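The numbers here are math on the coordinates, done by the rules we state, and not lab data. Fair warning: this is a prediction, and the values are worked out from it, not measured in the lab. Cβ coordinates were reconstructed from backbone atoms using ideal geometry, including for glycine residues, and neighbour counts include every protein chain displayed.
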Amino acid sequence: MDWKERIAEAARRVEGHVLRTPVMRTGGFGLDREIDVKLEQLQHTGTFKARGAFNTLLGGPVPQAGIVAASGGNHGAAVAFAAHRLGYPAHIFVPQMAGPSKIALIERTGARLTVVEGEYANAAEAAADYEEASGAMQIHAYDAPATVAGQGTCMAEWEAQGLEADTVLIAVGGGGLIGGALGWLQGRRKVVAVEPVTSCALHAALAAGGPCDVTVSGVAANALGARRIGRICYDLARRHNAQSVLVNDTAITTAQTALWQERRLLVEPAGATALAALMSGAYRPEPGERVAVLLCGANVAPDPLG
């Protein structure tokens, strides 16, 4: 089964479990053109990640020990939400850098939560140990076929909503979202990967000829802070010639502020990262190039309403 077939199957599986998020066309943001935007930050738990979580849990048997997941925050919240909706116990491991807002979001689902010192990689190690000891099923945040196929339903849905863009800009952490987009599009549109300078696992892998470890820091690290890009994403990015650009923290927070001030769209730094590439000039479209931006996360810290 090729990626497009996997994603089409995932779309059928998660229908009724995830939200069909809205799209808009808008000018502004200091740009010389209108852009298409998909508001995936309005998905369950504030990110696209519910798609991969539901696709995995609905795709096969779940052991009595339930579910385990490691996360910088957003994936854990999505897995916990999906597990609760489907009646499965879940144990989520997050690093301290996930922050109080995302930790509280997970706690509200009723899942068991363990906060570990360090970054995402440390949470992943703890989750792997728990998986081995308990027999729970792990849902990987980005480098598993069911996760990637589930995230790919976002792009499939966007095309069904009439997307006309030549180029789509997508923020990258571990690569599940952009991997799913690349798998669905199969080179029919240009895909631009946007990463923070200080958390650039895909950019480093493309330069090195394969996934490699990077150091992680910056304002978007608790969502885009994968130390190593997923193999699935890397292979799809190479196969379909994804372009990679980097943005700094100032560009990200400037885009985040502009989304709120100009359109009253509240997103976390990761959610604004793709737009930052346009606003900062890290990606410069050709004249007449139709451009789309995927807004991917709404879990700002601190929680604006407590």
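A few points about this structure:
- Rounded, prolate or oblate (a/c below 1.5 giving rounded, otherwise prolate when a/b exceeds b/c) for region 84-135 by Cα gyration tensor: oblate
- Relative contact order (%) - criterion: Cα under 8 Å, at least six apart; region: the chain: 21 percent
- Most to least packed among 226-233, 237-244, 4-11 [average Cβ atoms within 10 Å]: 226-233, 4-11, 237-244
- Taking a straight Cα-Cα cut-off under 13 Å and skipping sequence neighbours fewer than 8 places away in the same chain, the aspartates and glutamates within cross-link reach of Lys102 are Glu268, Asp303.
- Amide H to amide H distances under 5 Å link Val68 with His91, Met137, Gln138, Ile139, where only residues 5 or more positions off or on other chains count and H is placed in the peptide plane.
- At q = 0.17, 0.24 Å⁻¹ the log10 of I(q)/I(0) for region 50-138 amounts to -0.60, -1.17, computed by Debye summation with a single uniform scatterer per C-alpha, solvent ignored.
- For region 299-306, Karplus couplings with θ = phi - 60° (6.51, -1.76, 1.60), whole Hz, Gly/Pro x: 8, 6, 10, x, 4, x, 10, x
- Take the Cα of Gln161, step 7 Å toward its Cβ, do the same at Ala207, and the gap between the two points is 3.4 nm.
- Label zone of Leu19 (point 7 Å out along Cα→Cβ, amide N under 18 Å): in region 268-305 this covers 268-272, 294-301, 303-305.
- In this simple spin-label model, placing a label point 7 Å from the Cα along the Cα-to-Cβ direction at both Glu9 and Ala65 gives a separation of 2.6 nm.
- Sequence-distant residues sharing a close amide H with Cys212 (under 5 Å, placed H): Ala205, Ile229
- Partners for Lys190 among lysines (Cα-Cα distance below 17 Å; same-chain residues under 8 apart left out): Lys4, Lys38
- Where labels lie 7 Å past Cα in the beta-carbon direction, separation of Glu132 and Arg238 in nm: 2.8 nm
- Here r is the Cβ-Cβ distance between Leu42 and Glu262 and R0 is 22 Å; the resulting FRET efficiency, rounded to 0.05, is 0.80.
- Summing Cβ point charges (Lys, Arg +1; Asp, Glu -1) relative to the Cα centre of region 50-138 gives a dipole of roughly 480 debye.
- More than 17 angstrom apart: percent of Cα pairs within region 117-225: 61 percent
- Mean shadow area of the chain, taken as a quarter of the surface of its Cα convex hull (nm²): 14.1 nm²
- Relative contact order for region 48-168: 33 percent, from Cα pairs under 8 Å spaced at least 6 residues apart, divided by residue count.
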